[in-house]
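Inspection log for the structure reproduced underneath, given as structure tokens.
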Amino acid sequence: MKIPTLLLICLSVFNFWSQKKLSVTEKVALNRYIENGQQVFLAGRTNEALEVLKKAEAIDAEYWMVNYLMAQCHYDLSSFYTAESYIKTALKNLPEKETVDADFFELFGKIYHRLGNMELAVDGYKKASIKLGQKLSKENGIDLYLAECEAYLVAQKSGEKLIRKPLSSEINSLEDEYAPILVNGGERLIFTARRPETTGENINPDDMRYFEDMYYAVWDPIKMDYQLNTEFFKPLNTNGFDAMSHVNATGTHAYLTINTSEAEKTTKSSDLFEITSEVPYNWEAATLIKGKKVNTDYFEGGATVSDSCPDGNFMVFISDRQATETGLDLFYFPLKDDASGIATQLPKEINTDGNETTPFLTSKGDILFFSSDALAGYGGYDIYYSKLENGVWSKPTNLGPKFNSVNDDTHFRYYPDLKIATWASMADKDGFFSYDLFQADLKSLNLEFQK
């Protein structure tokens, strides 16, 4: 929830409480930078907003509103420690008679939630809830955030801890790495990343970050780590977004998502493509899955398929075609030879009013893993699974604090033969949070989905 532009403008003009004695010219300039900064931020251009707000900060670095808006931008960029510094300064310099919106305390709660300080997070959320009232508090997700904090505190008291370990010290970097796929018995690793060396070196205008590329790495038994093969995906990576989501057991069939709408403009949005090859991993070209049954003018991506479902194989993928009512949802599509299938939303027990993403189906199609930011969890996106029994999907089960952190946890995959799991999670590295690749050894565990 973001403070409406006009409200902040009014606050800055009529309730100007500055730590410095400013000239009329400085006050006018400060308010102009604040107004422009928040307008740019609400338009989704966070980095540009920061540059504008830095000019306001140069005029009065102690002004509470400048610090609040800076905290908002840094939170949006996952710079949680920097956001903490700014929100603390904003709170310290907030005049006693100043009245702030619930969004101020919601942001305070979110920052400390991401940093794992649940006491302060709860304090912020409760203050936001009081200002909003019971109905709006629920509608705006404050009740969910408080439940997440409570669940995390319960897990802490019970001694539950994350069992994740970095999948590769060679691969994980300060950039985002996610969607890990182990193939050929774990000897090969496929993943997606947003790195400066992306094909075409294009910047996404929405968030001013590099587009996605697919990456391929091979296990080195001497170095005991994965080593990048920079040539493998050159025939497939475009100048836009490219992400692989499924590879079959033999390496002869794969699904990927491509979005070149901001680059080559060969797709209208994100579309699903597939690769088929007679020789394993001899991938030279991707083919658009044609027709309106799967790909539409909306976002489609993250396809996963069953390989040996006794009732017929099927695909689950992501789409925002119902975004006006919900958000990202998971869709079911039967894989029939006559291409007569129809894509339908999975049940409401799975698809919430929030976002569901990064699905993964087991080979038999009997278990679906996915991430959601609206089901009960611990914070951000959590990983869940649902079982398909007699044609009915069960109520989603949270994987619990062994796998889910207070930040985003996505792209979960389970490998029964290897008895390991892989996924992506936002992690703190030298004070900066980004997605890294993780794994967990499940040999000593007896989880329900392993049975």
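Computed from the coordinates by the stated procedures, all read-outs in this text should not be read as laboratory data. All values derive from a computational prediction rather than experimental measurement. Neighbour counts run over all protein chains shown; Cβ positions are idealised from the backbone, glycine included.
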Strictly greater than 23 Å: what percent of every Cα pair in the range 14-94 meets that? 14 percent
Can you give the three extents of the C-alpha atoms in the range 212-294 along their principal axes, from longest to shortest, in whole Å? 47, 27, 17
More than 19 Å apart - percent of Cα-Cα pairs taken over the range 294-406: 43 percent
What list do you get for GLU201, GLU150 if you sort them by fewest beta carbons within 10 Å? GLU201, GLU150
Using alpha carbon centers only, the range 164-212 is separated from the range 114-162 by a whole-angstrom value of 31 Å
So the pair-distance distribution of the range 93-141, from every Cα-Cα distance in 10 Å bins, comes to percents of 29, 50, 21, 0
Whole-Å semi-axes of the range 158-264's equivalent ellipsoid, largest first, each the root of 5 times a Cα gyration tensor eigenvalue? 25, 18, 14
Per-residue ellipticity at 222 nm attributable to helices in the chain (runs of n ≥ 4 DSSP H, -39500 (n - 2.57) apiece, nearest 500 deg cm²/dmol) works out to -8500 deg cm²/dmol
Distances over 38 Å make up what percent of all Cα-Cα pairs in the chain? 27 percent
Relative packing of 440-449, 253-262, 131-140, 349-358, which averages over residues the other C-beta atoms within 10 Å, highest first: 253-262, 349-358, 131-140, 440-449
Quick check: the angle from helix 24-42's long axis to the longest principal axis of the chain, C-alpha only, nearest 10 degrees? 20 degrees
Quick one, can you get me the convex hull of the C-alpha atoms of the range 5-157 expressed as volume per residue in Å³? 111 Å³
Gap separating the Cα centres of the range 270-348 and the range 34-77, nearest whole Å: 40 Å
Taking 25 Å as the cut-off for C-alpha to C-alpha distance, list the pairs among LYS27/LYS54; LYS21/LYS55; LYS364/LYS419; LYS127/LYS161; LYS21/LYS88; LYS234/LYS292 that go past it. LYS127/LYS161; LYS234/LYS292
Using +1 at the Cβ of each Lys and Arg and -1 at the Cβ of each Asp and Glu in the chain, identify which of GLY341, ALA217, GLY159 lies farthest towards the dipole's positive end. GLY159
When only Cα pairs under 8 Å and 6 or more residues apart are kept, what is the percent relative contact order across the chain? 11 percent
